[in-house]
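Working notes, structure below.
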Amino acid sequence: EAPEPELSPLERALHLVEWAREGEAEETREALEVLAEELDGEQKADLAAQARRLAWSRPSPSPDAVDQLVGAVREFE
């Protein structure tokens, strides 16, 4: 049985955001900040800025808004 391929840091950050989106607001915010940092490293400043805005928005980021951002990031992978 072949081992699963290792995920890139960006893909791990996306999985973290997907996992956190239904949890506590603080977990979602922290996961979005991790995603923003990975996007900065990938030279995707616009998406990183979107992730940061969403992370610290009031009220807390909604699961739908998080899903939209994740979809946008996946389009540019």
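Read the figures in this text as sums done on the coordinates, not as results from a lab. Quantities reported herein were computed from a predicted structural model and do not represent experimental measurements. Here Cβ is always computed from backbone atoms with ideal geometry, including for glycine, and neighbour counts include all displayed protein chains.
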- [ ] Add +1 for every Lys or Arg and -1 for every Asp or Glu among the other residues with Cβ under 12 Å from the Cβ of Ala55, and state the total.
- [x] 0
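Given +1 on the Cβ of Lys and Arg, -1 on the Cβ of Asp and Glu, and no further charges, what dipole in debye does the stretch 3-77 carry about its Cα centre, rounded to the nearest 20?
With only Lys, Arg, Asp and Glu charged at Cβ, the dipole is about 360 debye.
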Open item on the list: So for each of 60-68, 30-38, 4-12, 47-55 I average, over its residues, the number of other beta carbons within 10 Å; can you give me the resulting order with the highest mean first?
Closed with: 30-38, 47-55, 60-68, 4-12
Task: the chain: calculated mean residue ellipticity at 222 nm from DSSP helix runs of at least 4, using -39500 (n - 2.57) - done: -22000 deg cm²/dmol
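Over the residues of the chain, compute the C-alpha Rg and express it relative to 2.2 N^0.38 Å.
Relative to the rule-of-thumb radius for its length, the chain sits at 1.08.
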